[in-house]
């Protein structure tokens, strides 16, 4: 493969931004310097555009197998590439759910043929698959996912013996969805009594409230401390939960970590009036006060990574009444542009955003040779124009479901090109058709 030379790139890496050239040889970054002379390389003069490490999104739902009328690995990995995401970690609640080694391997087999960008898949936990969980190789799989809240198929884990077996038995990172099922059921009964089957979507954050989140997150942390487990709590959505986490320990030394998602930072309950079920997700988007507290918690180091929880459904499904409409929204194509909105508002620096979306996921999951723009690392890169306007509309949405809660929003900052393993998978705002994804590998201590 011909070597590629990127000239005049403003590289954002490890808390600094500097203008350099980047030489790429096959799938790796060979050299970074102020001026690199060229010798038969494919040359791209970036003329001061920013280059960041490819984003690593640790929580997505790509719906394959079994739910491919909503999305699939091919379609959503293309959308990921358009958003500067070069690696994703996908959740196990497909049909069938990935709760055996055979079913988990099937997803890897599909991705090896169809994924535009790098991939890993969580092993799913249930009340009765401990033996399968313990067979999982920590070097090959990003972690095990436990739904400690509302059931997804047969994936609700609420048996104390099963939980103790997982927390006490696996060396892998344990990722949890934390909402207390009993609290949700109790709240739902109140609103059913009040509204019958015609519950307004604005009630969603009241049904799936902060108490339900806090009770479940507290339980997960207690289990992790008891067993010495590596615990990562996904999509924190409440101000109350922030107190559960520590911001004094370096990420490399943390055993209990937390994620915040772009939609919980950007939206609040006021959006239910205009968007309804389009912003219905679990855990729910909550109050303005929660949103503001999450941003402050992110700034102050209580959240370790930023992700999307990309979860597409068809518009037909979303248009159903509240009780029948599924939770989840598609986000992966626009996650960086959403975070650049905070940059332009003066809330977050570019270096901070890159740390939380690129460096920190690589460190937290111990991913080999990715997450940085450095010599020897894989050439996973996003070229970003931070000043151009992006109008999100149906003509440029790449999700298979064909819609976004951000339709008709104008954001400043967009991805121009994305490189994965040294190949352009998105170039000059167009999909190239190249499928360059590789299976992520993890360091085992």
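Coordinate-derived values only; no laboratory data. From a predicted model like this one, the values you see are computed outputs, not experimental measurements. Every residue, glycine as well, gets a Cβ built from its backbone with ideal geometry; the counts of neighbours run over all protein chains shown.
Between the beta carbons of residue 445 and residue 112, assuming R0 = 25 Å, the FRET efficiency works out to 0.40 to the nearest 0.05. With a ≥ b ≥ c taken as the square roots of the eigenvalues of the C-alpha gyration tensor of segment 1-76, please select rounded if a/c is under 1.5 and otherwise prolate if a/b is larger than b/c or oblate if it is not? Since a/c reaches 1.5 and a/b is larger than b/c, the shape of segment 1-76 is classed as prolate. Tell me, what does the Kirkwood hydrodynamic radius of segment 305-352 come to in angstroms if you use every pair of distinct C-alpha atoms? Here the Kirkwood hydrodynamic radius works out to 12.7 Å. Here r is the Cβ-Cβ distance between residue 407 and residue 434 and R0 is 22 Å; the resulting FRET efficiency, rounded to 0.05, is 0.20.
Entry note, the chain: the mean residue ellipticity at 222 nm calculated from DSSP H runs of n ≥ 4, each adding -39500 (n - 2.57), is -7500 deg cm²/dmol after division by the residues and rounding to the nearest 500.
Which FRET efficiency value, to the nearest 0.05, do you get for residue 374 and residue 323 by plugging their Cβ-Cβ distance into 1/(1 + (r/R0)^6) with R0 = 41 Å? Approximately 0.25, to the nearest 0.05.
Only Cα pairs within less than 10 Å get springs; with that Gaussian network setup on the chain, which residue of 38, 344, 204 has the largest fluctuation? Greatest mean-square fluctuation among the candidates belongs to 38. Measure out, as a whole number of angstrom, how far apart the alpha-carbon centroids of segment 162-186 and segment 1-23 sit. Segment 162-186 and segment 1-23 have Cα centres separated by 42 Å. Tilt of helix 288-299 relative to the longest C-alpha principal axis of the chain, in degrees (0 to 90, nearest 10)? That works out to roughly 50 degrees. If the chain linking residue 393 and residue 300 were pulled fully straight, counting 0.36 nm for each residue of separation and taking away their Cα-Cα distance, it would gain 30.1 nm.
Computing percent of Cα pairs over 43 Å apart directly from the structure and comparing it against (i) 25; (ii) 9; (iii) 13 singles out (ii). With each label modelled as a point 7 angstrom along the Cα→C-beta vector, the residue 247-residue 226 pair spans 3.0 nm. Label sites at residue 69 and residue 193, each approximated as a point 7 angstrom past Cα along Cα to Cβ, lie 3.7 nm apart. For the chain, the longest principal axis of the alpha carbon atoms and the long axis of helix 160-169 meet at an angle near 30°.
Relative to the dominant Cα principal axis of the chain, helix 210-227 is inclined by about 70°. Once you reduce segment 41-80 and segment 191-266 to the center of their Cα atoms, the two points are 27 Å from each other.
Packing around the peptides 160-171, 280-291, 84-95, taken as the average count of other Cβ atoms within 10 Å per residue, puts them in this order, highest first: 84-95, 280-291, 160-171.
Taking all Cα pairs closer than 8 Å and separated by 6 or more residues, the relative contact order of segment 55-364 comes to 18 percent.
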